[in-house]
């Protein structure tokens, strides 16, 4: 069973096709990066997969269940691009609230909260209102809320924006650890150095997946030494999605 | 519906309000402010209205009684708390003052006023007497008050002279004995402030949720739309009840308001109104894209509540063709019900039509609010 599978997925806003014929196959326990410029359709694709918006046509399955479906929501963690934490609540109250939404008991929430606060380096800020935190700190709270229930699949939309480089490294170590525990991570990012840490990446442009594969293979195939250059090469080629190494 | 998740939402909304000192102040201070300011301003018995009396009445010498002057008696019967009386001998000069805005009215007694009044008391004579009341009608309230005071003084004078009034009204208070404006006003202002604040707080809160992305985020969890609406309903019905208790306590302590019926039934009505209003707030938030747009909804929330709910004026005071519009204003039912409970002592057996109307409003708006939260296609 694939963690995520889409076939000919289309999402339109009026006449505009934000996601166009997307065929995405993500294995369980994989870190999959969606790369592309603004407006490429990465966020829309993640929103459809998280069950936030309805698709226009095609299929979109998460853990073999067609989304949107509340059955799958309990196994999914979603961190949107916006801070999306309750600024009028403290860090603790935010984490506790999301824990309760996922049906965790008090003890479980307390244990996870302690771990997560250490991980996001906000233990000393536990009882501070989120509105008083810096942008990067708010982002970290948002990440903690997505992780509270140890989801099987984690959708992260630009999770490291506004996070200092030192903490970004820490984030990625954590994502790798989650992958080792069997969690599937689907991530969108602008940072190409980060994208190289993914098991596989998919290049998106104008709603379409123009290429996907292991970062090193994509670079090798295009004869480039960065994913950014590789993306530009693929973006110039008018042809169906290229999957180097896949016969 | 999972009650644990509903309660989690309810607690979250409550904590949000508790942590926000401004919202907290709004919940507590705004109703108190509204009750005090509106209450005192509207209860306004008119006082210190300047009038000029020009008394040319020559009076009359009655052999057995002595000299009588009915004009003096009328003037003595004018309420000196309401009217500040200035005396002038020259009518033209008095009218000049009236035209200059220095007085609201000039009461002119002609020379033969006592004579004619005496004659009019004799049924054998076809006589009548009158005084001239020159009045500035630019302020209807003040003018009405002067006319009423003058009439009362005239009637009192006739009674004093034993003239006798053919018909009198015997007032028997069925409900609200000795009720004053504040007694009428407090139930209304409770419902009005709960309506206004609950609708606005939910509206602002939900626009915030939509804009900040928290709404999308919680909808990506197992939480359902109806659980969100139910969670909000619990918190705001409790907040509404708290506001009602607070206002009733202050009303009793400060304004000595009258409560004849079961005050807990009134609280129940207010809680029901709060549920209706929070659903209305959620529903309205679907039509806003930015927090600043909440201000654009204000006239549509405030005006109907202000004008069509009967909080300040009875619904009978608005034109008959406009009255049906009040059927669509939820606080109008709550105000009528709480007034009936607090002033008439009515129970659920009497106020059930209003309670039923509020329940119908609640169900319809809760369903629509939940639908408005659904993910967009």
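Express in whole angstrom the spacing between the alpha-carbon centres of the range A:94-120 and the range A:147-201.
Between the Cα centres of the range A:94-120 and the range A:147-201 lies a distance of 19 Å.
Taking the DSSP beta bridges in the range A:74-196 as the whole, what percent of them are antiparallel, to the nearest 5?
10
Specify the angular offset, from 0 to 90 degrees and rounded to the nearest 10, of the alpha carbon long axis of helix B:294-307 from the longest principal axis of the alpha carbons in chain B.
Result, in degrees: 40.
Taking the convex hull of the Cα atoms, report for the range A:62-130 its projected area averaged over all directions, in nm².
Reported value for the Cα convex hull: 5.5 nm².
In square nanometres and to one decimal, what's the mean projected area of the convex hull around the Cα atoms of the range B:46-160?
7.5
So if I restrict to the alpha-carbon atoms in chain A, what is the Rg, and what is Dmax, the biggest pairwise distance, in Å?
Cα radius of gyration and Dmax of chain A are 18.0, 55 Å respectively.
Specify the inter-centroid distance of the range A:1-32 and the range B:6-84, based on alpha-carbon positions, in whole Å.
That distance is 69 Å.
Who wins for biggest fluctuation among B:62, B:51, B:186 in a Gaussian network model of chain B, springs between alpha carbons below 10 Å?
Sorting by GNM fluctuation, first place goes to B:62.
So what is the relative contact order for the range A:74-196, in percent, with contacts set as C-alpha pairs under 8 Å and at least six apart? Let's see the in-between values first.
Values: 165 pairs, mean separation 41.9, N = 123.
Across the range A:74-196, relative contact order equals 34 percent.
Using a Förster distance of 35 Å, how high is the FRET efficiency between residue A:214 and residue A:70, based on the Cβ-Cβ distance and rounded to 0.05?
Values: r = 34 Å, r/R0 = 0.98.
With R0 = 35 Å, the Cβ-Cβ based efficiency is 0.55.
DSSP beta bridges in chain B, what fraction antiparallel, as a percent rounded to 5?
Working: 7 of 18 bridges.
Rounded to the nearest five, the antiparallel share is 40 percent.
In which sequence would B:341, A:214 go, from the one with the fewest C-beta neighbours within 10 Å to the one with the most? Present the calculation step by step, with values, prior to reporting the outcome.
On the way: B:341 27, A:214 15.
Ascending Cβ contact count within 10 Å gives the list A:214, B:341.
Ranked from highest to lowest mean number of other Cβ atoms within 10 Å per residue, what is the order of the peptides B:305-312, B:276-283?
Numbers: B:305-312: 20.4, B:276-283: 28.1.
Result, highest mean first: B:276-283, B:305-312.
Hey, how much of the P(r) for the protein assembly as shown falls beyond 32 Å, as a percent of Cα pairs?
Values: 121768 of 194376 pairs.
For the protein assembly as shown, the fraction of Cα-Cα distances above 32 Å is 63 percent.
If you count the DSSP beta bridges with both ends in the protein assembly as shown, what percent of them are antiparallel, to the nearest 5?
On the way: 27 of 56 bridges.
Taking every DSSP beta bridge within the protein assembly as shown, about 50 percent pair in antiparallel fashion.
From the convex hull of the Cα coordinates of the range A:74-196, what is the mean projected area in square nanometres?
Values: hull surface 27.4 nm².
It is 6.9 nm².
For the pair residue B:253 and residue B:139, what calculated FRET efficiency results from E = 1/(1 + (r/R0)^6), where r is the Cβ-Cβ distance and R0 = 35 Å, to the nearest 0.05? All intermediate terms of the calculation are to be shown ahead of the outcome.
Details: r = 34 Å, r/R0 = 0.98.
E between residue B:139 and residue B:253, to the nearest 0.05, is 0.55.
With angles folded into 0 to 90 degrees, how steeply does helix B:330-339 sit against the dominant principal axis of chain B? Use alpha carbons for both and round to 10.
60
What is the log10 of I(q)/I(0) for the range A:133-247, computed with the Debye formula using one identical point scatterer on each Cα and no solvent, at q = 0.10, 0.14, 0.16, 0.17 Å⁻¹?
Reported log10 I(q)/I(0), two decimals: -0.34, -0.65, -0.81, -0.89.
Largest first and to the nearest Å, give the Cα extent of chain B along each principal axis.
99, 46, 39
Between A:208, A:166, A:179, where does the largest GNM mean-square fluctuation fall for chain A, given springs only between Cα atoms within less than 10 Å?
Sorting by GNM fluctuation, first place goes to A:166.
Tilt of helix B:140-160 relative to the longest C-alpha principal axis of chain B, in degrees (0 to 90, nearest 10)?
50
Once the range B:250-350 is represented by equal point scatterers at the alpha-carbon sites, with solvent omitted, what log10 I(q)/I(0) does the Debye formula produce at q = 0.10, 0.17, 0.20 Å⁻¹?
Results for the range B:250-350 at q = 0.10, 0.17, 0.20 Å⁻¹ read -0.36, -0.91, -1.10.
Please rank A:48, B:75, fewest neighbouring Cβ atoms within 10 Å first, as an exposure proxy. Can you show the working numbers first?
Details: A:48 27, B:75 20.
The most exposed by this proxy come first: B:75, A:48.
FYI, it's all coordinate maths here, none of it is from the lab. These numbers were taken from a predicted model, which means no experiment stands behind them. Neighbour counts are summed over all protein chains in view; Cβ atoms, including those assigned to glycine, are modelled from backbone coordinates with ideal geometry.
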